[in-house]
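Here the structure comes first, spelled out in structure tokens, and everything after it is commentary.
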Amino acid sequence: MSTSAQSRADLVRHSAYEFALTTVLLFAVVSLVRWLAHPGSPLATGDPRTLFATAGLAVAALIAGLMYSPPGRGSGGHMHPGVTVFLWSSGLFPSRAVLPYVAAQLAGSVAGTALAGLVWGGAVRQVGHGAVHPAPGTGAVELFLVEGAALAAVFVAVALLMTRPSLGALIPAAIGVGVGVVVATLGTVTGASINPARALGPALLSGTYEHFWNYMIAPVVAPALVGLAHRALRTRRTTALPPAPAEA
């Protein structure tokens, strides 16, 4: 097999991993909403803060586990268009793979949400397929800034870890913990989507489009800006290094 054919095969395989991983993620998230938010569930809680704190812990473990899994290691375990765009804008991900990865993630979002509806039936419909909602009175600008800033903070932490190769193995755990903290702390304010793949499937299947474009765009713009800054700083450090001494 030629190098280009092998490269295409790898891209197809890795995109398939992204589809599968995002499907599992959304199935798990929607199932979590079904069990924590449905009034008839034995695990339901009436306190939104407790609900989001519990969800944050579960999501942190889930994301880290999926990223550390063999498919996650194979594709990088993005499961989030913002992750793909962050790596691309950092100069660390090929341009030709961006659209296949993002398409696979968004398709996985719809597939995972639909699968949760098939498994749990009417209970999922009654909780709006897990669609994300901000707190009443939250404005579009406020939502965009808060969601974007929260995700930017997570990616700044990731970028810092990326500057230390010895800490690279901690990146999945850092992303999981970061997302979990955002869910636990901002869930009652913005809904804590912070992932277009988290928002798309539930919105489409529930027909809930309030602030839809905020939830789709803010989590991509923020990582892109952090990625550009990370690339600029990396380039500056490289150019600032003293030249290697000439051999005698």
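The values are calculated or read from the model by the stated rules, or taken from the named source; none is laboratory data. Source: prediction; values computed, not measured. When we count neighbours, we look across all protein chains shown, and the Cβ atoms used for this are built from the backbone with ideal geometry, even at glycine. Heavy atoms of the whole protein, side chains included, go into the accessibility calculation; ligands, DNA and RNA do not. Shrake-Rupley method; radii C 1.70, N 1.55, O 1.52, S 1.80 Å.
Observations on the model:
- Elements of type helices (runs of 4 or more DSSP H) contained in the range 95-182, each with 3 or more residues being of a type in the set (Val, Ile, Thr): 98-120, 140-162
- Evaluating Pro42 against the criteria (1) open to solvent by 20 Å² or more (accessible area, probe 1.4 Å); (2) at pLDDT 95 or above leaves one unmet condition, (2).
- Among the numbered conditions (1) out of contact with any helix residue (DSSP H, G or I) (no Cβ under 6 Å at 6 or more places or on another chain); (2) closer than 21 Å to Ala20 by Cα, the only one that Gly122 does not meet is (2).
- Being open to solvent by less than 30 Å² (accessible area, probe 1.4 Å) and either at negative phi or touching a residue at least 12 places away in the same chain (Cβ under 8 Å) (or both) is a property that Val154 has.
- Positions within the range 118-134 being open to solvent by less than 30 Å² (accessible area, probe 1.4 Å) and on the phi < 0 side of the Ramachandran plot, in sequence order: Gly122, Ala123, Val124, Val127, Ala131, Val132, Pro134
- Test for Arg231: is it open to solvent by 60 Å² or more (accessible area, probe 1.4 Å), free of Cβ contacts under 8 Å to residues at least 60 places away in the same chain and either in contact with a Cys (Cβ under 7 Å, 6 or more places away or on another chain) or on the phi < 0 side of the Ramachandran plot (or both): no
- Top-ranked residue of the range 45-56 - restricted to ones that are surrounded by 14 or more Cβ atoms within 10 Å (Cβ to Cβ) and outside any loop (DSSP other than H, G, I, E, B), ranked as farthest from the chain's Cα centre (by Cα): Leu51
- For the residues Leu115, Leu106, the requirement of being farther than 19 Å from Ala152 by Cβ, within 14 Å of the chain's Cα centre (by Cα) and buried (at least 16 other Cβ atoms within 10 Å of the Cβ) singles out Leu106.
Conditions (1) assigned to a helix (DSSP H, G or I); (2) charged (D, E, K, R); (3) over 23 Å from Met216 (Cα atoms); (4) in contact with a Lys or Arg (Cβ under 7 Å, 6 or more places away or on another chain), marked per residue:
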| residue | (1), (2), (3), (4) |
| --- | --- |
| Arg13 | yes, yes, yes, no |
| Thr23 | yes, no, no, no |
| Val33 | yes, no, no, no |
| Ala61 | yes, no, yes, no |
| His78 | no, no, no, no |
